[in-house]
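Okay, so here's the structure we're looking at.
Only the coordinates and a few stated rules stand behind these numbers; no lab work does. For clarity, every value in this text was computed on a predicted model and none was experimentally measured. Note: ideal-geometry Cβ built from the backbone for every residue, glycine included; neighbour counts use all protein chains shown.
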Amino acid sequence: MNSPVLWLDILVVVILILLSIRIFSEASLFKSVVLFIALGLFVSFAWVKLAAPDIALTEAALGAGVTGALLLDTVGHLRSRNVPYSKHRHAEDGTSSNA
Amino acid sequence: MNSSVTSVSGAAPSRPRLAIGFAIYCVVFGAIWVVLTNGDTSSWMFGIPFTAFAALVSSAMSPITRLPIRPLALIRFLAYFLRNSVVGGVDVALRALQPSMPLTPGIVVCSLRLPTPTTRALLAYTVSLLPGTLSSGLEDEVIALHVLDTEQPVLVEIRRIENLIADIMGIELLELPAVPSVEKTSQDGDLNA
Amino acid sequence: MPEGVFVGFAIVIFITMLLGFIRVERGPTAADRMLAAQLFGTTGVALMLLLAEAFQVPALRDVALVLALLAAVTGIAFVKRANQIQGSETPGGTVS
Amino acid sequence: MTQIEIYLLAGAAMFCIGLYGLVVRPHLLHKVMGLNVMAVAVFLVLVSVARRVPGPTPDALPHAMVLTGIVVSVAATAYSLALIKRIYTETGAVTLQETDDDA
Amino acid sequence: MSWMDFLVIALLIVSTAFFIVGTIGLLRFPDVYSRLHALTKADNLGLGILILALALNSASGLVSIRLMLTWVLVLVATATTSHLIARAARESGVEPWVKP
Amino acid sequence: MPNNIERPRRAQHIVAVGLLVAVFVLLARAVLYIPMHDTGVASSIQDNLQISGVLNPVTAVLLNFRGYDTLLEIAVLVLAIIGVLSLQREGMLASGRLAPFADPALSLLTRILVPMMILIAGYLLWAGEKAPGGAFQAGSILGAAGVLVTLSGHVRPGWLSPAIVKIIIAVGFVVFLVAAIIPMFFDKNLLEYPLHLAKPLIILIETWLTFSIGMILVTMFISSAAPITDDYVRGDAT
Amino acid sequence: MLDLIQPQLPAITLAVLLFAASAAFLVRFERARAIALVAAGVQVVLVSWITWIVVGQDRVWVYTIGGWGAPLGIDLTIDGVSAVMMLLTAVVGCVVTVYSAGYFPPKDSYRLFWSLWLFLWAALFALFASNDIFNLYVCLELLTISAVGLVAISGERAALFAGMRYILSALAGSLIYLFGVALVYASTGVLDFDLLATQVSIDPTTQAGLALMVIGLLLKTALFPMHFWLPPAHANAVAPVSAVLSALVVKGSFYIIFKLMHVFTGHEMIPGLAELMGILGVCAIIWGSVQAFTQKRLKMMVAYSTVAQIGYLFLLFPLVAAADDIQTAVLAASAGLFHAVSHGLAKGAMFLTAGTIVKAVGSDRLEDMAGLSRLAPIPAFTFAIAGVSMVGLPPSGGFVSKWLYVSSAIETGAWWWAGAVVVGGLLAALYIFKVIALFMGSGKEPLQVGVSNRVITIAPLVLALMSLVIGVFGQPILDLLYPAVESLTAGMMR
């Protein structure tokens, strides 16, 4: 294992972990989603490094395509002001917590 | 769905025209297929149906209404484009690297002479890759540009690109309206001017 | 051409790409963050092409091609909802 | 530490982080993203396991498992997002509330 | 190493420089519009030069054409997205930065 | 008031993080004990690759050796879209619900990218036999093309009625199922392709799957994307 | 002809369900209903045939898909246990299908119910037949998504929330399970149960793999304290869906745990695992019963009763582990499996009849149901019979399983588990008789009483009577289970 290649591995892994932490430590929903889409891209580098181009291809196609679009659309929808009737507006602050 | 957004402008082209358009698309996409598959002949089992499918979709979405593209004009356009995208890259690099960061940005609104939405969109692409200009709105005959330097001669470049694009397509440019075609604003430009 | 060269350039470009996260973090508008994500798309294409050369895996050129095609889709999905998303970012809007 | 071990550890870490997002964050979208991060973590472990095989071509079985897993997780994500949107449209809520049982 | 290899490495250096500059612009420029300038111009040029280098390095002509195709697609996609992001920013009321 | 809420939540948070760190330690220990010598079925896959009908080992596993998994996986995908549709109110599959986003530049981009996406989907489908690629990758690109068309406000072609859309959604799965049971008429087990039929059957399945997956993904997007316009009226929920 | 079909029966049974499910997706409500009814009938025939073969020839039926065989391909294996579970699925499924045909108004908004339900059935069949831990993951996901789709199909507020909670928990469970699969594959290199039995060795990776798989499955089975998602999901779904979820779906993941514990000789791999599951089972019995007693809504009560009854299933592990000889172990394992069957029938009947009652009364609140037995005698009677089995009174299936549990507990000397069974029965009696007393009593008049059709009145009664019948004729089922249980429990003993 030549060292520059291993560096790249360590770099990718550190980024993946930091990114996933940031996704969930983030208050802004939209920012989380952007970071999540970025995570998809960086994971495909991990697949490349692990000699799995098949999976990299799938990840790139889905993350940049349908999943990304779906997530962004959901964020937009959850911010839309034209909810037919909104009984539980307060819930948006996320004060209740359970799994 | 709102049908005012369809891509096609003008009257529906006639049947033989459509057939020619389809054939042109087939040739272009067939060539791209060869490039994609590295010229592997065993791929035509998929290549023919998918090329035809792509050509069909293209014919439906953007039917070729006139025999397009003058090669010489295209080459001139490409040369202009390549040269200016290099200049554009260097320009933005210099601005970014200088400690003082020489920027006097603003929005410039400009009327266009190009007749069709497609050519205007092409212009928007080109402008976005040229030095100091970025298209930030395109409605009807008006384009809103964000410029890095409000003093730069934007209008001259726009007119030149319009001519180049019109040359490629072999189309007539519209007359400009009498109202002043360029207004410099530092605020959000009014596109409906 | 030694393959290490490509790996070296790949690492440099990768680090450049990481700097884009500063923009994602700082914002301030949603458009800024999305723009940084778009940067990842373009740079990702470059990186995939370099890695294809470095590891001699031609399939990565397909990955680059797919990224090039699809990087726009998320951007456009964002733009379509931008008004709603932007509301949460600019002053006056709520932050969830 | 070898390449495979690095990725294996990353998989273990991301699994926990995804679990954190799923359990601790109240917003439904965060929970769905948490599930996705967990899925990515498991895939990392599987693909690293496949890489043990000497030679350039890794074990194809974990790769196939991951591809299957990706499809399943996309399907589940799409359904969850549709459900979240429907919940929001009906009630305006974006979290799971305690009160929804005894309505 | 032949002179061709040196050319390729030189081009790679230039292209990497443009990527770096693009990111610097993204970080330094004052508002979303000027940052879009940095993204569309510097990064696309960087990618173009990189692809030129790789095309020179590659033995097969078809592969080179394919790389060019990738570049064209990125160009069109970036130009459109930056146009749309700028438009969306304007429509949602993001004011351009003005030199004070 | 905020302090009162803040304090127990912070305590909960610390407990949760502590627990997860403990979980991580256990998982890390488990993954580091993974034996590093080859214990999988890689050699077995290589040995049987010649009679699987394709040359890409991943495709061979997906569509031949473990085709049953893939069959059920496609069922999951079909099921998810059925679930998404069941969450819609009346008028399912109405794709006209997305407000179009008019922009000439976007329209031009769509007209350039969509045919390219179709070509590349076809290419990946073809390449899947011996290189990375295959039905799912191709299908997701077709799906992205559909999403792009939807987002850019192009009109859905008239022939693509909801009934046709449903048929396209189901056709991949049904073709796969039929192909899976065909060997049973030749006194073989489920999915036991005869040697000479393996390749054509796999190609047949993959082709139909590509279109189905594309349609499923785009329908997922369209059906779950909610309208933006203000005049949205709540339909009567069932 | 029959000779040609017979070797292919497992594949045909699955294919029929999958074809029916896809066809039901494409057509309108009435057609979809017809398809489901036909498929249900065919299922009963085919599964009975399979059971007959498995039992008659006293063998484990191995069906190699794709003809590849285990390490490379996927095998289906059907032994006595899975045949009984399939038969249970077919019987309950058939009744539920008939019930649903009467339950749903013929509106197109419910047309997707049929497709989802048939997919769920197919998932259950595939799950009980599968012998491959990764294939089981796919089956579990198929099961999860169809189940969640069914929970949310009514579109009501509570159902949507319940569905959301359900899908989050179930997907988390699947992913935890998948992590376990990854670790097990990493350490053994195989995915097939039979091969795993020969390959496993006790090392940290395999231990963690088994632990993760079991935890994921426990989450999906909703064993206390991971039951939080179950009551809202089961109570807020429409009645046929509740019945299927409680009677069958939770048994699916329980069945996998059972198989895992056998293959990995669970208590050696992870010391104390069997006892831990037993203790959690006891907690589930007590907690679920107490919660059920305090509920004010009928379906919520029945759902919490499911939480309690799941607890009984898990008593089998410590009892088998503690057994000294194979006879006692088989006794304990049979008790658990028999309980799965009898609870499936009784709980199916109870939820279906609860649906009928709710429809008749027009409310889910218990206080509105006072005096129901005079106005709707058959549903009240059905509820009482199912309740008898739930409590474990003599002529019922519940009695047999509890009797088996108690005798195996006494035989192994671990009498405290017997105590848990008895206490659980008493607690169940409390909440069941509370409701029955309410039905018999004379409160204020019910809001409305109109059991619109016979189908939804009679179908639950049939299931309830079956839960009695298997109590009277329990021996054939036990005989059927015996050989398979014997081979399965041998590995689980200490």
- Spin-label proximity, E:Ser2 to the stretch C:1-45 - amide N less than 14 Å from point 7 Å beyond Cα toward beta carbon: C:1-2
- Label-reachable residues, the stretch B:16-53, where backbone N falls under 19 Å from a point 7 Å from F:Lys199's Cα toward its Cβ: B:37-49
- Taking a ≥ b ≥ c as the square roots of the eigenvalues of the Cα gyration tensor, with a/c under 1.5 meaning rounded and otherwise prolate when a/b exceeds b/c and oblate if not, the stretch G:1-115 is prolate
- Message: So the label point goes 7 Å from the Cα of D:Thr2 along Cα→C-beta, right? Which residues of the stretch F:42-76 then have their backbone N under 17 Å from it?
- Response: F:42-43
- Message: Please give me the summed charge of the neighbours of D:Ala76: other residues whose Cβ is under 14 Å from its Cβ, Lys and Arg +1, Asp and Glu -1.
- Response: 0
- Message: What distance in nm separates the two pseudo spin-label positions at E:Ala10 and A:Leu6, each 7 Å out from Cα along the beta-carbon direction?
- Response: 3.6 nm
- Note on the structure: Mean per-residue count of partner chain Cβ within 10 Å for B:155-168 equals 0
- Average partner chain C-beta neighbours within 10 Å, per residue of B:22-33? 2
- Note on the structure: Scoring the stretch G:140-212 by relative contact order with C-alpha pairs under 8 Å, at least six apart, yields a percentage of 26 percent
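Using only atoms on other chains, find how many Cβ atoms lie within 10 Å of each Cβ of peptide B:113-119 and report the average.
Numbers: counts 0, 0, 0, 1, 6, 5, 2.
Mean shielding count: 2.
Would you please give the FRET efficiency between F:Ala11 and G:Glu30, computed as 1/(1 + (r/R0)^6) with r the Cβ-Cβ distance and R0 = 56 Å, to the nearest 0.05? Intermediate results must be reported in sequence, preceding the final value.
Numbers: r = 57 Å, r/R0 = 1.02.
It comes out at approximately 0.45.
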- Task: Using only Cα atoms, find the angle between the long axis of helix G:397-412 and the longest principal axis of chain G, and express it within 0 to 90 degrees, rounded to the nearest 10.
- Result: 40 degrees
- Query: Percent relative contact order of the stretch D:1-96, based on C-alpha pairs within less than 8 angstrom and at least six residues apart?
  - Reply: 28 percent
- Message: Taking the 0 to 90 degree range and rounding to the nearest ten, how far is the long axis of helix G:273-294 tilted relative to the main principal axis of chain G, both from C-alpha atoms?
- Response: 0 degrees
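Using helices alone, I'd like the mean residue ellipticity at 222 nm for chain G: each DSSP H run of four-plus residues gives -39500 (n - 2.57), total over residue count, nearest 500. Write down the numbers at each step before the final one.
Details: 23 runs with 380 residues, N = 494.
Value at 222 nm, helices only, nearest 500: -25500 deg cm²/dmol.
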- Message: So for each of G:174-181, F:161-168, G:17-24, G:192-199 I average, over its residues, the number of other beta carbons within 10 Å; can you give me the resulting order with the highest mean first?
- Response: G:174-181, G:17-24, G:192-199, F:161-168
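Past 32 Å, Cα to Cα, is the threshold; run G:Lys259/G:Lys296; G:Lys259/G:Lys434; F:Lys166/G:Lys296; D:Lys31/F:Lys166; F:Lys166/F:Lys199 against it and keep the listed order. Provide the component values of the computation, followed by the final result.
Numbers: G:Lys259/G:Lys296 37 Å; G:Lys259/G:Lys434 37 Å; F:Lys166/G:Lys296 43 Å; D:Lys31/F:Lys166 30 Å; F:Lys166/F:Lys199 28 Å.
Among G:Lys259/G:Lys296; G:Lys259/G:Lys434; F:Lys166/G:Lys296; D:Lys31/F:Lys166; F:Lys166/F:Lys199, the Cα-Cα distance tops 32 Å for G:Lys259/G:Lys296; G:Lys259/G:Lys434; F:Lys166/G:Lys296.
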- Would you please give the residues with an amide H less than 5 Å from that of B:Ser135, counting only those at least 5 places away or on a separate chain, with H modeled from the backbone geometry? B:Ser128, B:His146
- If you take the square roots of the eigenvalues of the alpha-carbon gyration tensor of chain E and sort them as a ≥ b ≥ c, do you get rounded (a/c under 1.5), prolate (a/b over b/c) or oblate? oblate
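Could you sort G:113-121, G:297-305, G:433-441, B:144-152 so that the peptide with the highest average Cβ count within 10 Å comes first and the rest follow in order? Intermediate results must be reported in sequence, preceding the final value.
On the way: G:113-121: 28.4, G:297-305: 26.0, G:433-441: 16.4, B:144-152: 20.9.
Ranked from most to least packed, the peptides come out as G:113-121, G:297-305, B:144-152, G:433-441.
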- Note on the structure: Between the modelled labels at G:Trp52 and B:Leu176 (7 Å from Cα along Cα→Cβ) the distance in nm is 9.2 nm
- Note on the structure: Quick shape check on chain F: root eigenvalues a ≥ b ≥ c of the Cα gyration tensor, a/c under 1.5 is rounded, otherwise prolate if a/b tops b/c, else oblate, and it reads oblate
- Query: Which of the lysines could a cross-linker bridge to C:Lys80, judged by Cα under 21 Å and excluding same-chain residues fewer than eight apart?
  - Reply: A:Lys31, D:Lys85
- Task: Enter the Cα centre distance for the pair the stretch E:10-54 and the stretch A:4-71, rounded to the nearest angstrom.
- Result: 22 Å
- Query: Gap in Å between the Cα centre of the stretch G:18-79 and the Cα centre of the stretch B:33-60?
  - Reply: 41 Å
- Note on the structure: Expected sort for G:205-216, D:59-70, B:94-105 on mean C-beta neighbours within 10 Å, highest first, is D:59-70, G:205-216, B:94-105
- Taking 0.36 nm per residue of separation and subtracting the Cα-Cα distance, what length does fully extending G:Arg59 through G:Asp3 add? 18.4 nm
- F:Arg29 and B:Ala52 label points (each 7 Å along its Cα→Cβ direction) are spaced in nm at 6.4 nm
